[in-house]
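Written out below as structure tokens is the structure these notes cover.
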């Protein structure tokens with residue numbers, strides 16, 4: 001990362017290639033050696049030669065297992081007996097709970113009271129004691145500190161820990177083992193543990209490969225740190241897994257030394273990327289997991305023609321949210337279209353409209369009559385029709401045909417159809 005300040009050399013960094021290689025030996029056979037594969041469909045979409053590291057195929061569907069297990073295996077017998085504690089609202093919680101259970105280590109996970117029930121239940125299912133405290137991670141931290149003081153529990157930090165960083169860096173080693181001819185690797189950034197570990201491994205073995213971090217624009221924590229700006233974080237982001245207001249001290253130092261750049265992505269790009277992974281790659285990505293692809297979609301010229309590795313870091317997304325994203329993307333592509341038209345309130349009109357849409361290869365999905373709108377004549381009705389079409393051009397053809405029959409047609413956006 002370019003800066004006016006003197007940069008630390010790799011020998012000054014808190015985590016080394018040797019640390020990452022040791023972590024790889026420790027966790028061998030205990031986490032999934034996830035595939036790193038070319039993605040031709042995503043390549044056609046973006047203009048880059050895209051390869052994907054499928055960390056959503058870990059047992060808890062997230063890369064977090066690597067760092068959590070590395071840290072747990074580093075505990076002394078006395079520390080194991082005391083038990084561990086972690087603070088997380090999602091993937092880190094499940095990773096610590098799962099591997100602690102496997103290793104017979106008592107685990108306490110502190111989660112905000114606002115954590116979705118499905119995540120709380122999943123964490124408990126791995127045998128961890130879940131403590132709900134505060135509305136945010138910052139609030140939960142006070143409870144963590146109290147429990148550490150009272151019970152002598154060992155903290156397993158989600159990102160700012162040497163062993164955690166080294167464990168996440170094993171992804172970088174696996175990527176290089178599969179394909180060392182990459183131009184760029186794009187890595188999501190939350191607290192910075194993932195990109196720090198990958199950067200340590202990759203820059204030590206293939207320094208010519210560009211490492212690019214990506215953050216949600218609503219949570220530009222590392223970007224602000226590296227550019228000497230105030231981080232203005234807040235808002236609802238689809239990439240809640242990287243919605244971190246404070247990066248780590250260790251991760252900041254490593255990122256500043258080894259990462260070439262950090263880019264920000266807007267919510268629309270993240271949403272589009274989640275859908276692209278599902279529709280084109282037939283795999284599930286949570287918002288954070290899709291952030292790397294979102295970076296290419298938002299900044300296509302920067303990556304066009306390059307061989308780019310993406311780290312799909314997690315696939316834990318609420319099914320209802322995923323369903324909403326799919327429908328919204330269909331609407332953007334013109335494959336699901338809602339129209340509103342004023343019609344005479346007489347028999348046969350609805351049949352005429354449905355027949356016309358069908359003859360033009362449209363498929364009516366939903367119909368709603370509105371007779372009580374004050375701007376509708378007493379002998380008329382307002383008709384809302386939602387239909388499937390091939391694309392926007394096809395939708396426009398159907399609308400023109402309806403207008404040719406004398407109907408006034410308005411195309412609705414998603415917000416209007418929700419009214």
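For the chain, the longest principal axis of the alpha carbon atoms and the long axis of helix 392-404 meet at an angle near 20°.
Extension gain, residue 410 to residue 366: 0.36 nm times the residue separation minus the Cα-Cα distance gives 14.2 nm.
Applying 1/(1 + (r/R0)^6) with R0 = 22 Å to the Cβ-Cβ distance of residue 179 and residue 102 gives a FRET efficiency near 0.10. For 129, 170, 115, the sequence from fewest to most other C-beta atoms within 10 Å is 129, 115, 170. Expressed to the nearest 5 percent, the antiparallel share of DSSP beta bridges inside region 84-152 is 0 percent.
Residue order for 117, 370, fewest other beta carbons within 10 angstrom first, comes to 117, 370. Adding -39500 (n - 2.57) for every DSSP H run of four residues or longer, then dividing by how many residues the chain holds, sets the calculated 222 nm ellipticity at -13500 deg cm²/dmol. Divide the volume of the convex hull around the Cα atoms of the chain by the residue count and you get 168 Å³ per residue. Set the Förster distance to 30 Å, then compute FRET efficiency between residue 59 and residue 332 from the Cβ-Cβ distance, nearest 0.05. My answer for the efficiency is 0.30.
Across region 84-152, counting alpha-carbon atoms alone, Rg and Dmax equal 10.9, 31 Å. The label-point distance for residue 205 and residue 393, in a model that sets each label 7 Å from Cα toward Cβ, rounds to 4.7 nm.
With angles folded into 0 to 90 degrees, how steeply does helix 267-281 sit against the dominant principal axis of the chain? Use alpha carbons for both and round to 10. Compared with the principal axis, the helix lies near 90 degrees. Using the Cβ-Cβ distance between residue 318 and residue 125 with R0 set to 22 Å, the FRET efficiency works out to roughly 0.85. Region 8-51 and region 124-153 have their alpha-carbon centroids 31 Å apart. Please give the Cα centre distance for region 290-365 versus region 183-247, rounded to the nearest Å. Using only Cα atoms, the two centres lie 29 Å from each other. In plain terms, the C-alpha convex hull of region 211-283 casts an average shadow of 5.4 nm² when viewed from every direction.
Multiplying the residue separation of residue 141 and residue 44 by 0.36 nm and removing their Cα-Cα distance gives an extension gain of 30.5 nm.
In region 173-229 the Cα-Cα distances spread across 10 Å bins starting at 0 as 23, 49, 24, 4 percent of all pairs. Cβ crowding within 10 Å, taken as a proxy for footprinting-reagent exposure, orders 233, 313 from fewest neighbours to most as 233, 313. With distances taken between every two different alpha-carbon atoms, region 45-139 has a Kirkwood hydrodynamic radius of 14.2 Å. Over region 103-212, all Cα pairs binned in 5 Å intervals from 0 give whole-percent P(r) values of 2, 11, 16, 16, 16, 13, 10, 10, 6, 1, 0, listed from short to long.
No value in this document is a laboratory result; all are computed from the given coordinates. Because the structure is a prediction, the values reported are computed rather than measured. Using ideal geometry, Cβ is built from the backbone for each residue, glycine included, and neighbour counts are taken over all protein chains shown.
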